[in-house]
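The values are calculated or read from the model by the stated rules, or taken from the named source; none is laboratory data. Because the structure is predicted, anything quoted here is derived from the model rather than measured. Neighbour counts run over all protein chains shown; Cβ positions are idealised from the backbone, glycine included. Accessible surface is based on the protein model in full, side chains and every heavy atom, while ligands, DNA and RNA are left aside. Shrake-Rupley method; radii C 1.70, N 1.55, O 1.52, S 1.80 Å.
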Amino acid sequence: MVDGHFELVPGQLSLGELRALLESDRPVRLAPGAWDAIERSAEAVGEVLASGRATYGVNTGFGSLATTRIPNESVAALQRNLVLSHAAGAGPLLEDKLVRLILILKINSLGMGYSGIRRPTLELLIEFVNRGLLPCVPAQGSVGASGDLAPLAHLSLPLIGEGEASLKGERMSAAAALDKAGLKPVTLGAKEGLALLNGTQASTGFALAGLFAVENAFAAGLVAGALSVDAMLGSDVPFEARIHAVRGQPGQIAVAEKLSELLAGSEIRSSHVDCDRVQDPYSLRCQPQVMGAIVDLMNYAAGVLRREANGVSDNPLVFRNEVDGTAEIISGGNFHAEPVAFAADALALAVAEIGSISERRMALLVDAKMSSGLPAFLVAEPGLNSGFMIAQVTSSALTAENKMLAHPASVDSLPTSANQEDHVSMAAHGARRVGRMAQNAAVIVGIELLAAVQGIDFRAPLKTSPRLAEAQAALRARVPFLDRDRVMAPDMAAATALVGEGWFRRLVTGILPSE
């Protein structure tokens, strides 16, 4: 922090910092040492333009029109037209906090000094973040190759006084927002429009927001699983460290340790140590194997997304020849978001399984044949009362929906731009759907938490472990014991909110990627 600002060192953002930037409105500033590379890059673009060399994105058309030469006097119009024409997004507008994160990701990438952006243009983007002037960006329209063109075009429109923006939560024309904020639009220079529109920042922002929501669901799912073990008089023996050490899977080892810690000191567990039940169902016994594999997937995805958030993914890129120092603008394909698409697909698998195993435990809890003496559907006088019967049906419905959404997006390429862009990643909607799936998982796990805590309450006067008692108290502060039938939706909403807020992270520290 410098003068209350988060100081952004390009290429150095941690996952914890990215999470904090998503969840706060802290102002940002670029580290002073970054400006030299930015200005040298912009100077290099000017040198190439003055040389008269045909250079993609500087004095040529775009995509399949790359062979069309543009005269120097039309370069500014070329960049403006690029932004205008590519603002062809569709669907609902992104949340302001997600737009803010995407802006920060774009600033971080441009700040590396390989994109040819000029200082005034980058400074205006930073002002957008700090003054709460957030472009209105439709969610749909990117195929995740040649960059997230449509969403990033909408993100860039207010720089040139076009489009719409939200100024401290109020939607208006970008021109009006700039005027109210005391800012003026810029005239884009050579290559700047392309630098702004190319890149994977929208897909990466979607995926990061999804990752953080999946972390919340995972933490709550781990606590819910431990509560369910205790509520159903399950055993903690399957979490014994030696079992997991000999397999050697790191996530499995870490989850088994966490489950043992969560259950330590439970009076309920002590009451049935010598019972004659030999094995628990897989959804109780195999939590380390399932949730551990999920941790490993989350860590894989988190590593990809951290690197992508700190990388340069526009095209072409600006370099200096190492021998003679001449400016070189080199065209490649860093805009192809395949790494992000794979990471998003991995997160989709992970969050689908968080919900899947939670729903199975919920099914055990309401089944009097499987729940070790708990009343049917976890309510007194079952029959007169239906209890958690339909809550479990809702859990099943959302679990099935997530299974459908888990189909990989990355395998479904379609060619665009007259077959010039003939293989694309589909990272954007692949990443965006992770957030929807995480919300479904939060509901599924929230329902299990309600049921598991209800089961724990039925075990009184025996108490659960001290750590799980914290979770029990947090839930009971929002949702009372179900003594007879009532409308369940508000209870489910309260439990879901507790999951979505990330409350359960405090009980499973040291295992989540963004810590």
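General observations
- Wholly enclosed strands (runs of 3 or more DSSP E) of the stretch 117-234 bearing at least 1 residues farther than 30 Å from Leu297 by Cα: 133-135, 164-167, 170-173
- Enumeration of residues in the stretch 354-412 that are among the aromatic types (Phe, Trp, Tyr) and open to solvent by less than 30 Å² (accessible area, probe 1.4 Å): Phe388
- Among (1) out of contact with any His (no Cβ under 7 Å at 6 or more places or on another chain); (2) open to solvent by 10 Å² or more (accessible area, probe 1.4 Å); (3) within 30 Å of Pro339 (Cα to Cα); (4) in contact (Cβ under 8 Å) with a residue 12 or more places away in the chain, the one test that Gly161 misses: (3)
- Selection within the stretch 413-457 - of a type in the set (Gly, Ala, Ser), surrounded by fewer than 24 Cβ atoms within 10 Å (Cβ to Cβ) and closer than 15 Å to Ala209 by Cβ: Gly435
Matching residues to (1) farther than 21 Å from Ala497 by Cα; (2) at pLDDT 95 or above:
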residue: Ser356; (1), (2): no, yes
residue: Asp367; (1), (2): yes, yes
residue: Ser386; (1), (2): yes, yes
residue: Ile390; (1), (2): no, yes
residue: Thr399; (1), (2): no, yes
residue: His407; (1), (2): yes, yes
residue: Asp422; (1), (2): yes, no
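- Subset of the stretch 301-339 [within 17 Å of Arg19 (Cα to Cα) and part of a helix (DSSP H, G or I)]: Ala301, Ala302, Gly303, Val304, Leu305, Arg306, Arg307, Glu308, Ala309
- Listed by first and then second residue, the pairs with beta-carbon distance under 7 Å, at least 6 apart or on different chains, first residue in the stretch 391-419 and closer than 22 Å to Ala350 by Cβ and in contact (Cβ under 8 Å) with a residue 12 or more places away in the chain, second assigned to a helix (DSSP H, G or I) and basic (Lys, Arg), are Leu405/Arg433; Leu405/Arg436.
- Among the residues of the stretch 372-397, the ones that are closer than 18 Å to Phe458 by Cα, in a helix (DSSP H, G or I) and out of contact with any Phe, Trp or Tyr (no Cβ under 7 Å at 6 or more places or on another chain) come to 1 in all.
- Subset of the stretch 21-36 that is among the aliphatic types (A, V, I, L, M) and surrounded by 15 or more Cβ atoms within 10 Å (Cβ to Cβ) - its residue that is nearest to Leu98 (Cα to Cα): Leu22
- Meets criteria (at pLDDT 95 or above, acidic (Asp, Glu), open to solvent by 60 Å² or more (accessible area, probe 1.4 Å) and farther than 30 Å from Ala90 by Cα) for Asp483: yes
- Residue in the stretch 336-352 that is without any contact (Cβ under 8 Å) to a residue 40 or more places away in the chain, more than 30 Å from Arg40 (Cβ to Cβ) and open to solvent by 10 Å² or more (accessible area, probe 1.4 Å) present: no
- Residues located in the stretch 220-270, provided they are of a type in the set (S, T, N, Q), farther than 14 Å from Ala469 by Cα and either surrounded by 24 or more Cβ atoms within 10 Å (Cβ to Cβ) or touching a residue at least 24 places away in the same chain (Cβ under 8 Å) (or both): Ser235, Gln249, Gln252, Ser260
- Restricting the stretch 279-311 to residues that are of a type in the set (D, E, K, R) and in contact (Cβ under 8 Å) with a residue 60 or more places away in the chain leaves a set whose member that is least open to solvent (accessible area, probe 1.4 Å) is Glu308.
- Test result for Ala418, more than 19 Å from Pro339 (Cβ to Cβ), part of a loop (DSSP other than H, G, I, E, B), more than 18 Å from the chain's Cα centre (by Cα) and among the aliphatic types (A, V, I, L, M): yes
- Just so you know, in the stretch 461-480 the residues that are within 18 Å of Ala224 (Cα to Cα) and outside any helix (DSSP H, G or I) include one that is most open to solvent (accessible area, probe 1.4 Å), and it is Lys463.
- Looking across Arg118, Arg100, Arg69, one residue alone is within 30 Å of Asn321 (Cβ to Cβ), in contact with a strand residue (DSSP E or B) (Cβ under 9 Å, 6 or more places away or on another chain) and of a type in the set (Lys, Arg). It is Arg69.
- Some residue of the stretch 185-204 being of a type in the set (Lys, Arg) and without any contact (Cβ under 8 Å) to a residue 60 or more places away in the chain: no
- Flag if Asp296 is at pLDDT below 95 and not hydrophobic (A, V, I, L, M, F, W, C): no
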